[in-house]
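Trainee: Dropping the structure in here first, questions after.
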Amino acid sequence: MTREEALIEIKAPGNTENTVFAMRLLCKAGTVTDISTLMPIATGNTANPAIKKLATEAICSIIKESLLTRFGDLTSDMRQKLATILQTLDPRIINEISKDLLSNDNDRRLSALQMLGILRRHPKVKDLLTRLLQDRDAKIKATAVSLLSKMMGPHDQDMVISLLSDEDKRVRANTVEALESLGNPRLVPVLVKHRKEPNNRIRGNVLKALYNLGHTDIEEDLLEMLTSSEPLQKASALWVISQVKYDKSPRVIDAAGECLLYNDKIVHKNAVAALNNVASARSLGYVRYLGDIFSH
């Protein structure tokens, strides 16, 4: 029996044995488009209980495999819809995802972790993410920190602060973002220690976090990055200016304006965005006269 034949059998069932076989086939070979056929059976009250159970299992299997193997191909809305259906039909799904987190396939592990992110209202998710902060894989750890930042409370900061010293730069960068999300000004002394990080992304994240937590004295730090010989340092400083709409220093605006003359696409793009977001007469003047200098 092919998938198409299985769908025909389910829509117009003959004998129970054939329908059972069709359901089991879709459980292994079904696609997201088959859910609309299976859903009335899984949620209705007229189907044979055994068939109803198989329809539910098929839907859950299709959704889980789609999220695990095609996560990046699905839109955010589609992921959320599928996750909602999955959690409604199978309250034990978190336990199933936990098994995939132990897989030897790193791509499957990462997709399972991303699934936790869209199921974050489940009470077990936060504990699972917390455990993954100690994972052997830096990418898993960095993703766990990023997801955890969306559900952290004021009592969770201690378990995350230690990751500011992690050897992986992605983990450190995501940790800064997680700490900023807590909105606790008492974290400023912790973050100030990392304002000279060599990595541009971490350094930019730290300055943005400090500013948003009330420590707005970042002028010298921004100037140091804007006048650096490294394009990525310039680009990150400009990103910070854009994000916080930094307008406290003419010196910083002038240095950002000079970046419009720097022959690097990312630096130039970030400079235009930063100066436009500040939206002062001084910053907009730079954009007006120098913003399209490389388009001629």
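Trainee: Can you say whether residue 195 is open to solvent by 20 Å² or more (accessible area, probe 1.4 Å), touching a residue at least 24 places away in the same chain (Cβ under 8 Å) and in contact with a Ser or Thr (Cβ under 9 Å, 6 or more places away or on another chain), as far as the supplied structure shows?
Mentor: Taking the combined requirement at face value, the residue does not satisfy it.
Trainee: Also, quick follow-up: Identify, from the list 57, 96, the residue that is modelled with pLDDT of 85 or more, open to solvent by 20 Å² or more (accessible area, probe 1.4 Å) and either under 24 Å from residue 150 (Cβ atoms) or part of a helix (DSSP H, G or I) (or both). Lay out the reasoning, then the answer.
Mentor: On the way: 96 fails: modelled with pLDDT of 85 or more.
Going through 57, 96 in turn, the sole match is 57.
Trainee: For residues in segment 242-296 being in a helix (DSSP H, G or I) and in contact with a His (Cβ under 9 Å, 6 or more places away or on another chain), which is surrounded by the most Cβ atoms within 10 Å (Cβ to Cβ)?
Mentor: Top of the filtered list is 259.
Trainee: Please work out which residue is modelled with the lowest pLDDT, limiting yourself to segment 1-54 and to residues that are open to solvent by less than 60 Å² (accessible area, probe 1.4 Å) and of a type in the set (Asp, Glu).
Mentor: 9
Trainee: Pairs, please: C-beta under 6 Å, at least 6 apart or cross-chain, first residue touching a residue at least 24 places away in the same chain (Cβ under 8 Å) and in segment 126-140, second surrounded by fewer than 18 Cβ atoms within 10 Å (Cβ to Cβ) and assigned to a loop (DSSP other than H, G, I, E, B)?
Mentor: As it stands, the answer is 126/151; 138/168, since those pairs meet every condition given.
Trainee: While we're here: Out of 214, 204, which single residue is open to solvent by 40 Å² or more (accessible area, probe 1.4 Å), closer than 21 Å to residue 164 by Cα and touching a residue at least 24 places away in the same chain (Cβ under 8 Å)?
Mentor: 214
Trainee: Does residue 152 satisfy the condition of being touching a Ser or Thr at 6+ places or on another chain (Cβ under 9 Å) and exposed (fewer than 15 other Cβ atoms within 10 Å of the Cβ)? Reasoning before the result, please.
Mentor: Numbers: touching a Ser or Thr at 6+ places or on another chain (Cβ under 9 Å): yes; exposed (fewer than 15 other Cβ atoms within 10 Å of the Cβ): no.
Judged against the criteria, residue 152 is not a match.
Trainee: Still on this structure, I have one more. When you scan segment 172-180, do you find a residue that is of a type in the set (A, V, I, L, M, F, W, C), open to solvent by less than 40 Å² (accessible area, probe 1.4 Å) and either modelled with pLDDT under 85 or farther than 29 Å from residue 69 by Cα (or both), even just one?
Mentor: yes
The values are calculated or read from the model by the stated rules, or taken from the named source; none is laboratory data. Not measured: the values here are computed from a predicted model. Glycine gets a Cβ as well: all are built from the backbone with ideal geometry, and neighbour counts include every protein chain shown. Just the protein is used for accessible areas: all its heavy atoms, side chains included, with ligands, DNA and RNA removed. Shrake-Rupley method; radii C 1.70, N 1.55, O 1.52, S 1.80 Å.
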